[in-house]
Amino acid sequence: MSFTGFSDDLDPEIVVVNADFWPDMNLVQFQSGYRLPGEYRQEVLQTRLQLAMLWANGQLNNWMTEQQALGFTDLDSVTGYSSKNLGTENFLKILYVRAVSCHAKALLLADYQTMMRKSDAQNDAKESEDTADRWHAMATDAINSILGNLKIHAEAL
């Protein structure tokens, strides 16, 4: 198996294993679903996905403890949100995967500048700190949706 990050080279069965309560994630689905540049090596993708899982799990640790106290053993078993499910897709799992994926993409975009490539291949849209910040914000929004926090914007006049 090749260890480049090109979608065609990645084994579609690669799963990044998460902590017990949280869902595992497929590496190829993450790469293709979030349109990551093909230059990323498999190990880099896996590591950033693991770091994002740790971040999301930490953000949701108290919430998870509350759910476990109610008898839920994993995210898929948490009930009370079924009216928000999309068909058979668990609403909370969709948000969790979104949070992890957005955070991982922000980490990867921040790394993009240090990857070896020709200077004329630089793509500011891929590398911009603002772009990474937007992905971090989307990750935080997904976490807040799981927690039931309202999104409020305030502007200085």
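The values are calculated or read from the model by the stated rules, or taken from the named source; none is laboratory data. Just so we're clear, the structure is a prediction, and the values are computed from it rather than from any experiment. Here the Cβ positions follow ideal geometry from the backbone for every residue, glycine too, while neighbour counts run over all protein chains shown.
Looking across the stretch 78-92, the residues that are of a type outside the set (A, V, I, L, M, F, W, C) and under 15 Å from Leu60 (Cβ atoms) come down to Tyr81, Asn90.
In summary, helices (runs of 4 or more DSSP H) completely within the stretch 38-124 and bearing 2 or more residues that are surrounded by 13 or more Cβ atoms within 10 Å (Cβ to Cβ) and at pLDDT below 85 occur at 91-112.
Taking residues in the stretch 91-115 that are farther than 13 Å from Tyr40 by Cα and charged (D, E, K, R), and partners anywhere that are at pLDDT 95 or above and not in a helix (DSSP H, G or I), the pairs with Cβ atoms closer than 7 Å and at least 6 places apart or on different chains are Lys93/Pro23. Residues in the stretch 1-37 that are among the charged types (D, E, K, R) and modelled with pLDDT of 90 or more were compared, and the one that is farthest from Ser77 (Cα to Cα) is Asp24.
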